[in-house]
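*Asks:* Attaching a single structure in structure tokens format; questions to follow.
The values are calculated or read from the model by the stated rules, or taken from the named source; none is laboratory data. All values reported here derive from a predicted model rather than from experimental measurement. Quick reminder, even Gly has a Cβ in these numbers, built from the backbone with ideal geometry, and neighbours come from all protein chains shown.
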């Protein structure tokens, strides 16, 4: 089982460039999430999608957009990257929106110069 | 949102039990207590969660205080592979079931 797959694993951008992080899950989960993790800190929720066709802002949505393409896929887009967006990004999914186990991808390390 | 307080780091010897504490004095009656861990350079992984009663699974045990203002994650026999950052997190209706992550406890296992 692949679980949650993120691409790319590493990316270097220049300030002002755009890019999209891709995430796919093969567990038929309804809910999907994008987090960022800065050094020495816990995860912060950027956006989430409780079900196909819906998206909601998390703690730190500014500078990001998301698309729930279908039940499997949830992408995160940076329209104009800034150095403050240098971070490790994690995608996660779970069966429902309420309590339950979150399954995480391996992370995407983004550096904005 | 209800917050949790954990020690920044803890050390333990290999093959001994480990008790990781978590304080959550502002927990509401419907908040669940979750534990995740994150090994170096990996995504977090689920460990255990509970509401009121103590819980056991193949990875660990969760002991919840009677007033629910604190809990303890118990690793019964630590191995070097258990060295990770352990996060204690609350979620419930008030946070729309989103997990609000703190900095966690870095567990160091000494051989």
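*Asks:* So, in segment B:79-103, of the ones that are part of a loop (DSSP other than H, G, I, E, B) and at pLDDT 95 or above, which residue ends up surrounded by the fewest Cβ atoms within 10 Å (Cβ to Cβ)?
*Replies:* B:79
*Asks:* Among the numbered criteria (1) surrounded by 13 or more Cβ atoms within 10 Å (Cβ to Cβ); (2) at pLDDT 95 or above; (3) part of a loop (DSSP other than H, G, I, E, B), which single criterion is violated by residue A:15?
*Replies:* Just one mismatch for residue A:15, condition (1).
*Asks:* How about segment A:21-68: which of its residues are facing another protein chain (nearest Cβ under 9 Å), closer than 26 Å to residue B:40 by Cβ, without any contact (Cβ under 8 Å) to a residue 12 or more places away in the chain and surrounded by fewer than 17 Cβ atoms within 10 Å (Cβ to Cβ)?
*Replies:* A:40, A:41
*Asks:* Got a sec? Which of A:107, A:16, A:96 is touching a residue at least 40 places away in the same chain (Cβ under 8 Å) and within 11 Å of the chain's Cα centre (by Cα)?
*Replies:* A:107
*Asks:* Checking the structure you have, find out if any residue of segment B:61-76 is surrounded by fewer than 17 Cβ atoms within 10 Å (Cβ to Cβ), in a strand (DSSP E or B) and within 14 Å of another protein chain (Cβ to nearest Cβ).
*Replies:* The answer is no; no qualifying residue exists.
*Asks:* Under the condition of being crowded, with 22+ Cβ neighbours inside 10 Å and assigned to a loop (DSSP other than H, G, I, E, B), which residue from segment B:28-44 is nearest to the other protein chains (Cβ to nearest Cβ)?
*Replies:* B:43
*Asks:* Further question: Return yes when residue B:83 is closer than 26 Å to residue A:89 by Cβ, without any contact (Cβ under 8 Å) to a residue 60 or more places away in the chain and under 14 Å from the mean Cα position of the chain (by Cα) and no when it is not.
*Replies:* Spelling it out, residue B:83 is indeed closer than 26 Å to residue A:89 by Cβ, without any contact (Cβ under 8 Å) to a residue 60 or more places away in the chain and under 14 Å from the mean Cα position of the chain (by Cα).
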